[in-house]
Amino acid sequence: MNDRHGHPYGLHRVLEPGGVLPQPAWRLDASPEIYDNELGIDVIRLNIDSASFAQLKKEANGDADAIGRRILQIVRERGKMHNPVTGSGGMLIGRVAEVGPRFPGKLKPGDKVATLVSLTLTPLVLEEVKRVHLDTGQVDVKGHAVLFETGPYALLPDDLPETVALAALDVCGAPAQTARLVKDGDRVVILGAGGKSGLLSLYYAWKQAGTRGQVIALEAGERACEDIRRLGWAHEVICIDATDPVAVYESVSRVTGGRMADLTINCVNVPETEFSAILATRDGGTVCFFSMAVRFTTAALGAEGLGKDVNMLIGNGFVPGHADLTLQALRESRPLRELFESRYA
Ligand code: NAP
């Protein structure tokens, strides 16, 4: 029955505790029968948020089956894939199963879509985890999800492999924030520049900082550093551990002649990088914390303790037009697309 009237923000799906929004709720009602303002989706694949996947992988000692069992357990307990340790989710792709009469847009059953809201607020039932891809954090599943009328989504493009689109769309807020923040002539530091969000952000930072600007890519993995060098979108590529603030400070100071960054974008998927991001940035500059592993208290108290007058932004995952802007980067740059295909296709 889809004539039941749903709340725009999905309050009708919250089971526990009562009266909160779906994202902070502990448990959602994920029953597949949709309300009049919902979209029912037969789920094909999940892209587990990178901070969450790194945590699950560590907890399971890299055992794919154990990660799959843990995902099933979380979803069974919570009615959503909301990692209780990291607090983060991811997103999914699937086929439209049913469209409520009040769901906006022109979707029809059978359309392939990617949800652009976090799995932490997406009602989800999983019948089966078919395969956990340890190298990409993607998980083939059979299940059913629900999207509320306020939840953005994108039709999956037919010119890109599904797994590539999924990987890129999961982080589409980062390049969109970067495109919004970087001005001509800016000195930009990207932490975790070799990952999904880092590379896409690098593309727009390089494009917008212009010839007067300076783009500095920081990344831990030697192979990812090589990938960044090959793309050629950074004046400096520094292979470094972003959890080592002193080393990050000294490196950025060296390559900027002590001026430090106007803007630092944090795209790392592990905890304890707040101090590095803050120290890499000049007084009056801006840090954009896209990473889900960032702690508000550490960032706020850290900046205070260091006497750093930096603006700190939480990297909102939603920016109007973010999906198109992200896919555009992959279409404009063949090397970027090839790199994504080699990693995620
Ligand atoms: P990703 O593809 O896994 O990239 C993370 C990058 O950080 C990798 O290149 C990784 O290198 C690098 N890294 C890991 N540890 C490092 C260290 N100690 N020092 C320097 N670099 C290090 O992750 P992603 O999908 O782009 O996501 C990045 C972050 O954004 C995650 O925290 C994720 O949760 C968050 N996120 C936020 C939103 C939002 O709405 N704000 C949405 C989606 C994702 P290796 O591969 O060599 O380890």
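The values are calculated or read from the model by the stated rules, or taken from the named source; none is laboratory data. For clarity, every value in this text was computed on a predicted model and none was experimentally measured. With ideal geometry, Cβ positions are generated from the backbone for all residues, glycine too; neighbour counts draw on all protein chains shown.
The conditions are (1) over 24 Å from THR86 (Cβ atoms); (2) near the ligand (Cβ under 9 Å from one of its atoms), and GLU219 fails exactly one of them. Which is it?
Unmet condition: (1).
Given (1) within 13 Å of the ligand (Cβ to nearest atom); (2) surrounded by fewer than 24 Cβ atoms within 10 Å (Cβ to Cβ); (3) not hydrophobic (A, V, I, L, M, F, W, C), identify the lone condition not met by ASN266.
All conditions pass for ASN266, except number (2).
For the range 257-265, check the following and say yes or no: at least one residue is hydrophobic (A, V, I, L, M, F, W, C) and closer than 19 Å to GLY317 by Cβ.
Yes, the range 257-265 has at least one match.
Note down all Cβ pairs under 6 Å where the first residue falls in the range 127-142 and is among the acidic types (Asp, Glu), the second is modelled with pLDDT under 95, and they're at least six residues apart or on different chains.
Every condition considered, no pair remains.
Based on what the data block shows, is GLY221 of a type in the set (Gly, Ala, Ser) and either surrounded by fewer than 18 Cβ atoms within 10 Å (Cβ to Cβ) or touching a residue at least 60 places away in the same chain (Cβ under 8 Å) (or both)? Talk me through it step by step, then tell me what you get.
On the way: of a type in the set (Gly, Ala, Ser): yes; either surrounded by fewer than 18 Cβ atoms within 10 Å (Cβ to Cβ) or touching a residue at least 60 places away in the same chain (Cβ under 8 Å) (or both): yes.
So GLY221 passes the test.
Hey, can you tell me all the residues within the range 7-66 that are within 16 Å of the ligand (Cβ to nearest atom) and of a type in the set (Gly, Ala, Ser)?
Hits for the range 7-66 are SER50, ALA51, SER52, ALA54, GLY62.
Could you give every pair whose Cβ atoms fall below 9 Å, whose first residue belongs to the range 235-246 and is under 8 Å from ILE216 (Cβ atoms), and whose second residue is part of a loop (DSSP other than H, G, I, E, B) and among the charged types (D, E, K, R), counting only separations of at least 6 or pairs across chains?
That search, which allows pairs on different chains as well, returns nothing.
Only one residue in GLY232, GLY198, GLY258, GLY185 is within 8 Å of the ligand (Cβ to nearest atom) and modelled with pLDDT of 95 or more. Which one?
GLY198
Would you check which residues across the range 269-288 are of a type in the set (A, V, I, L, M, F, W, C) and either loosely packed, with under 13 Cβ neighbours inside 10 Å or within 8 Å of the ligand (Cβ to nearest atom) (or both) and list them?
VAL270
Considering every residue within the range 57-67, establish whether at least one is under 21 Å from CYS172 (Cα atoms) and under 21 Å from the mean Cα position of the chain (by Cα).
Taking every residue of the range 57-67 in turn, none turns out to be under 21 Å from CYS172 (Cα atoms) and under 21 Å from the mean Cα position of the chain (by Cα).
Quick one: what pairs do we get from the range 272-301, first residue within 15 Å of LEU181 (Cα to Cα) and touching a residue at least 60 places away in the same chain (Cβ under 8 Å), second within 13 Å of the ligand (Cβ to nearest atom) and assigned to a loop (DSSP other than H, G, I, E, B), C-beta under 6 Å, 6+ apart or different chains?
Filtered contacts from the range 272-301: CYS288/GLY315; PHE290/CYS267; PHE290/GLY315.
Checking GLU338 against (1) within 16 Å of the ligand (Cβ to nearest atom); (2) under 22 Å from the mean Cα position of the chain (by Cα); (3) closer than 30 Å to LEU156 by Cβ, which test does it fail?
Every listed condition holds for GLU338 apart from (1).
Exactly one condition in (1) touching a residue at least 60 places away in the same chain (Cβ under 8 Å); (2) not in a loop (DSSP other than H, G, I, E, B) is not met by ALA193; state its number.
All conditions pass for ALA193, except number (2).
What is the one condition in (1) under 20 Å from ALA224 (Cβ atoms); (2) at pLDDT 95 or above that GLY285 does not satisfy?
Failing condition for GLY285: (1).
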